[in-house]
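The values are calculated or read from the model by the stated rules, or taken from the named source; none is laboratory data. What you see is a predicted model, and the numbers here were worked out from it, not measured in a lab. For neighbour counting, all protein chains shown are included, and Cβ atoms are generated from backbone atoms with ideal geometry for every residue, glycine included. Side chains are part of the model used for accessible areas, which takes the heavy atoms of the whole protein and leaves out ligands, DNA and RNA. Shrake-Rupley method; radii C 1.70, N 1.55, O 1.52, S 1.80 Å.
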Amino acid sequence: MPAATGCGRPTGAGQAGGEVTTITALDYYTDRTEHAQWGDLLTACGRTVGVRVEQTSVPGASLIPKVLQQASSRTLPDLLMLDNPDLQQIARAGALTPLDGYGIDADGFAPGIASAGSYQGRLYGLAPNVSTVALIYNKDMLSEAGLAVPRTWDELKAAAAALTRPGRYGMAVDANATFEGTWQFLPFLWSNGGDERRLDAPEAAQALQLWVDLVKSGSMSKSVLNWTQADVHDQFLAGRTAMMLNGPWRVPALEQDADLHWGVAPVPVPRPGQTLVTPLGGEVWTVPQNPSKARQEKAAQVLACLNSPSNMLTVARDHHTVPSRTAVAAQHAEENPSVAAFAQSVTAARARTSELGVEWPRAATGIYTAIQSALTGEQTPEEALGHAQQTAAGR
């Protein structure tokens, strides 16, 4: 496990006679296992291009403030990981360099992944692996009820109602007042033809009405207003919900329970034959601005190495996520059926910043606030989303 070091560097550090021997990398992989896995990969890629990579990991909430401070003091790392919705903000600040300057492009990557790494039409970041959400269900519970896996909203409502009984709900989502709540709602909003540019449109209200109906009917607990995705997962493991919306990062814990028989399917769509559109999760690696072009070149070579097909597979296997190259994702899904539904959804997944760019956080705040208002009954979906549109527009 590489030592965590600071990203500030004195003049000439890591260079001998002008030759770059060391570069720095910053990420938010503070979990010990995850930090070590990424550290090993950074070390291996550094060795491939002839440098030592010094990795620093900071808590997720601290990353963007630290990066903005470093940009101001001109002490940015040579290689920077960002949660993909944050790339727009950092690129707009002029802190990143376009990857085409190093001969790096997004050929072979799913369109949404290229969009997530782009700002004003230029590619600034690439993600070795990505994630999204899918419907995870208890096979035994569905079988006992004589139910097929729901594929449409009507089937979801019917199945959730049939699976609900004392001590157990049919469906669970994360509807809390954070960006996680917005993230989980997006497949329903987007797949119904709604989007964050017009949250007061009927398509958005119809999507929110589905969640309202599930809570009102008793098929979904009112506690979803406070649950995180981890809480939803715990409810599922405990048998207190038969279906849940969650991500591939839950697969390792699910696999550890030998008595739990579970499956994964795409998120139900409004009507048969419609295209499912889910949000794209994952972190992009970028090359910040740096007075040393030689350091930038080495950092870009490491970035390219991280995004090689073989390393994508390594990361995906370690983290149960989806490789960003379409062909590699298909190979991984064939080898690992538990991620097949996630891989299928990634092909049409959308970056959260694809429509509004740096203005996305305002819309996300409006959406989760609307979810809270509608599920508590304070406002109708139409009223709640009308206010969300005002928030998104900065009014």
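Summed over the stretch 164-186, the residues that are in contact with a strand residue (DSSP E or B) (Cβ under 8 Å, 6 or more places away or on another chain) and of a type outside the set (Ser, Thr, Tyr) give a count of 9.
With respect to the conditions (1) surrounded by 17 or more Cβ atoms within 10 Å (Cβ to Cβ); (2) under 25 Å from residue 71 (Cα atoms), residue 277 falls short on a single one, namely (2). From the list 377, 366, 386, the one residue that fits, being touching a His at 6+ places or on another chain (Cβ under 9 Å) and either touching a residue at least 24 places away in the same chain (Cβ under 8 Å) or not aliphatic (A, V, I, L, M) (or both), is 366.
Pairs linking a residue in the stretch 321-349 that is without any contact (Cβ under 8 Å) to a residue 24 or more places away in the chain to a residue that is outside any helix (DSSP H, G or I), with Cβ atoms under 8 Å and 6 or more positions apart or on different chains, are 331/323; 332/322; 332/323; 333/322; 336/320; 343/322.
Consider residue 342 against the criteria (1) open to solvent by 40 Å² or more (accessible area, probe 1.4 Å); (2) modelled with pLDDT of 95 or more: it satisfies all of them except one. Which criterion is unmet? Here residue 342 meets the rest and fails (1).
Is it the case that residue 372 is in contact (Cβ under 8 Å) with a residue 40 or more places away in the chain, more than 24 Å from residue 87 (Cβ to Cβ) and either part of a helix (DSSP H, G or I) or open to solvent by 60 Å² or more (accessible area, probe 1.4 Å) (or both)? Taking the combined requirement at face value, the residue satisfies it.
Among the listed residues 110, 172, which satisfies the condition of being open to solvent by less than 40 Å² (accessible area, probe 1.4 Å), modelled with pLDDT under 95 and not basic (Lys, Arg)?
Values: 172 fails: modelled with pLDDT under 95.
Among 110, 172, only 110 is open to solvent by less than 40 Å² (accessible area, probe 1.4 Å), modelled with pLDDT under 95 and not basic (Lys, Arg).
Taking the numbered list (1) out of contact with any His (no Cβ under 9 Å at 6 or more places or on another chain); (2) among the hydroxyl-bearing types (Ser, Thr, Tyr); (3) without any contact (Cβ under 8 Å) to a residue 40 or more places away in the chain in turn, residue 178 passes all entries but (3).
Looking only at the stretch 215-234, which residues are closer than 27 Å to residue 344 by Cα and either surrounded by fewer than 20 Cβ atoms within 10 Å (Cβ to Cβ) or of a type in the set (A, V, I, L, M) (or both)?
If the condition is that a residue be closer than 27 Å to residue 344 by Cα and either surrounded by fewer than 20 Cβ atoms within 10 Å (Cβ to Cβ) or of a type in the set (A, V, I, L, M) (or both), then 220, 224, 228, 230, 231, 232, 234 are the ones that fit.
Each residue in the stretch 246-270 was checked for being free of Cβ contacts under 8 Å to residues at least 24 places away in the same chain and among the hydrophobic types (A, V, I, L, M, F, W, C), and 2 pass.
Filtering the stretch 136-169 down to residues that are under 16 Å from residue 237 (Cβ atoms) and among the charged types (D, E, K, R), which residue is surrounded by the most Cβ atoms within 10 Å (Cβ to Cβ)? Checking each candidate, the answer is 168.
Say we look at the stretch 18-43 and pick out the residues that are in a loop (DSSP other than H, G, I, E, B) and within 26 Å of residue 74 (Cβ to Cβ); which of these is least open to solvent (accessible area, probe 1.4 Å)? It would help to see each step written out before you state the result.
Of all residues in the stretch 18-43, those in a loop (DSSP other than H, G, I, E, B) come to 18, 21, 28-31.
This time we only want the ones that are within 26 Å of residue 74 (Cβ to Cβ), so: 18, 21, 28-30.
On the way: 18: 53, 21: 56, 28: 51, 29: 7, 30: 79 Å².
Of everything passing the filter in the stretch 18-43, 29 is least open to solvent (accessible area, probe 1.4 Å).
Summed over the stretch 245-296, the residues that are closer than 19 Å to residue 351 by Cβ and either of a type in the set (Asp, Glu) or in contact with a Gly (Cβ under 8 Å, 6 or more places away or on another chain) (or both) give a count of 7. Residues in the stretch 177-199: is at least one within 20 Å of residue 275 (Cβ to Cβ), among the basic types (Lys, Arg) and touching a Leu at 6+ places or on another chain (Cβ under 8 Å)? Checked the stretch 177-199: at least one residue is within 20 Å of residue 275 (Cβ to Cβ), among the basic types (Lys, Arg) and touching a Leu at 6+ places or on another chain (Cβ under 8 Å).
Report yes if residue 377 is modelled with pLDDT under 95, in a loop (DSSP other than H, G, I, E, B), out of contact with any strand residue (DSSP E or B) (no Cβ under 8 Å at 6 or more places or on another chain) and not basic (Lys, Arg), otherwise no. Walk me through it before giving the result.
Numbers: modelled with pLDDT under 95: no; in a loop (DSSP other than H, G, I, E, B): yes; out of contact with any strand residue (DSSP E or B) (no Cβ under 8 Å at 6 or more places or on another chain): yes; not basic (Lys, Arg): yes.
Considered against the rule, which asks whether it is modelled with pLDDT under 95, in a loop (DSSP other than H, G, I, E, B), out of contact with any strand residue (DSSP E or B) (no Cβ under 8 Å at 6 or more places or on another chain) and not basic (Lys, Arg), residue 377 comes out as no.
Only one of the listed residues (299, 242, 348, 330) is out of contact with any helix residue (DSSP H, G or I) (no Cβ under 6 Å at 6 or more places or on another chain), open to solvent by less than 10 Å² (accessible area, probe 1.4 Å) and hydrophobic (A, V, I, L, M, F, W, C). That residue is 299. Any idea which residue in the stretch 70-104 is nearest to the chain's Cα centre (by Cα), counting only those that are under 21 Å from residue 359 (Cα atoms) and open to solvent by 50 Å² or more (accessible area, probe 1.4 Å)? My answer is 89.
The single condition among (1) in a loop (DSSP other than H, G, I, E, B); (2) under 23 Å from residue 294 (Cα atoms) that residue 146 does not meet is (2). Looking at the stretch 279-369, the helices (runs of 4 or more DSSP H) lying wholly inside it that each contain 3 or more residues that are over 30 Å from residue 199 (Cβ atoms) sit at 293-306, 309-319, 326-335.
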